[in-house]
Amino acid sequence: MRRKVSMTINGTQYEHEVEPRLLLVYHIRENAGLTGTHIGCDTSNCGACTVEIDGHSVKSCTVFAVQAEGAQITTIEGLAKGNELHPIQQAFWDEHGLQCGYCTPGMIMAAKQLLERNPNPSEREIRLGIEGNLCRCTGYHNIVKAIQTASKVMATGAGKEAKAPATVS
């Protein structure tokens, strides 16, 4: 028994018929075709699937697509404005806050929520703010550094002229 769901993802309206048990992460990737949101564990342990639903950071492997009916969703693809990266994306690029890149979309989405709640976090607050997102490669040092840099850039409004590298996500 399929159900029709309608939601706005990154400003675009999507309407599909889905199985009630379909996880939002699969809906985003398979039905909407937005593959920047990664599937890491399906158990909410890693945070690779983190997105925003109605302005709140959520691990999309813990939400059924039918639960997001009518929601406004932002994925990693929704942060950049054309070729201009979001300051957090740019900071991850500039500060080498990624290695393999698999955790990066979820880490950036978690960092965005953290900086919206606390625009000037300490290192400890950053580490606590991203603790639900696992990185198996970097040791977190450059991730924390990237979030600190993004915090400064966002506070001053600088970096608006930054351009995107060839690919990010």
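Computed from the coordinates by the stated procedures, all read-outs in this text should not be read as laboratory data. Small disclaimer: the values here were computed from a predicted structure and weren't measured. Please note: Cβ atoms are built from the backbone with ideal geometry, for glycine as well, and neighbour counts cover all protein chains shown.
So what's the back-of-envelope 222 nm ellipticity for the chain, counting only DSSP H runs of four-plus at -39500 (n - 2.57) apiece and dividing by all residues, rounded to 500?
Working: 4 runs with 45 residues, N = 169.
Using -39500 (n - 2.57) per qualifying helix, the result is -8000 deg cm²/dmol.
Read phi for every residue in segment 36-49 and hand back ³J(HN,Hα) as whole Hz from Karplus 6.51 cos²θ - 1.76 cosθ + 1.60, θ = phi - 60°, with x for Gly and Pro.
Taking θ as phi minus 60°, the curve returns x, 7, 9, 9, x, 9, 6, 10, 6, 7, 9, x, 4, 9 Hz for segment 36-49.
GNM, the chain, Cα, under 10 Å: largest mean-square fluctuation among 121, 105, 87?
Its mean-square fluctuation being the largest, the pick is 121.
Over 18 Å, how big is the tail of the calculated P(r) for segment 42-88, in percent of all Cα pairs?
Of all Cα-Cα distances in segment 42-88, 35 percent exceed 18 Å.
What residues have an amide H closer than 5 Å to that of residue 64, excluding those fewer than 5 places away on the same chain, when H is modeled at 1.01 Å from N in the peptide plane?
24
Could you list the trypsin sites (Lys or Arg not before Pro) in segment 107-137 that lie in coil according to DSSP, counting only those with at most 11 other Cβ atoms within 10 Å of their Cβ? If you can, show how the numbers build up before the last one.
Working: sites: 112, 117, 124, 127, 136; in loops: 136.
Sparse-neighbourhood loop trypsin sites (Lys or Arg not before Pro): 136.
Per q in 0.27 1/Å, what log10 I(q)/I(0) does a Debye calculation on the alpha-carbon atoms of segment 87-156 return?
Debye curve over Cα of segment 87-156, log10 I(q)/I(0) at q = 0.27 Å⁻¹: -1.32.
Please list 3J(HN,Hα) in residue order for segment 105-119, calculated via the Karplus relation 6.51 cos²θ - 1.76 cosθ + 1.60 where θ = phi - 60°; whole Hz, with x for glycine and proline.
x, x, 5, 5, 5, 5, 4, 4, 4, 4, 6, 6, 7, 9, x
Could you compute the longest span of the chain free of GluC sites (Glu not before Pro) located in DSSP loops and having at most 14 other Cβ atoms within 10 Å, not counting the site residues?
1-68
For the chain, with the dipole built from +1 on Lys and Arg beta-carbon atoms and -1 on Asp and Glu ones, taken about the Cα centre, which of 87, 55, 25 lies farthest toward the positive end?
Highest projection toward the positive end goes to 87.
Could you grab the Rg to Rh ratio for the chain? Cα atoms only, Kirkwood for Rh.
0.97
Once amide H atoms are placed 1.01 Å from N in the peptide plane, what residues at a sequence separation of 5 or more from residue 73, or on another chain, have their amide H within under 5 Å of its amide H?
8, 9, 10, 11, 54
Restricting attention to segment 1-99, which trypsin sites (Lys or Arg not before Pro) occupy a DSSP loop and are surrounded by at most 14 other Cβ atoms within 10 Å?
Filter output for segment 1-99: 2, 21.
For segment 3-78, what value does the Rg/Rh ratio take when both radii are computed over Cα atoms and Rh is the Kirkwood radius, given to two decimals? Present the calculation step by step, with values, prior to reporting the outcome.
Numbers: Rg = 10.8 Å, Rh = 11.9 Å.
Ratio value, two decimals: 0.91.
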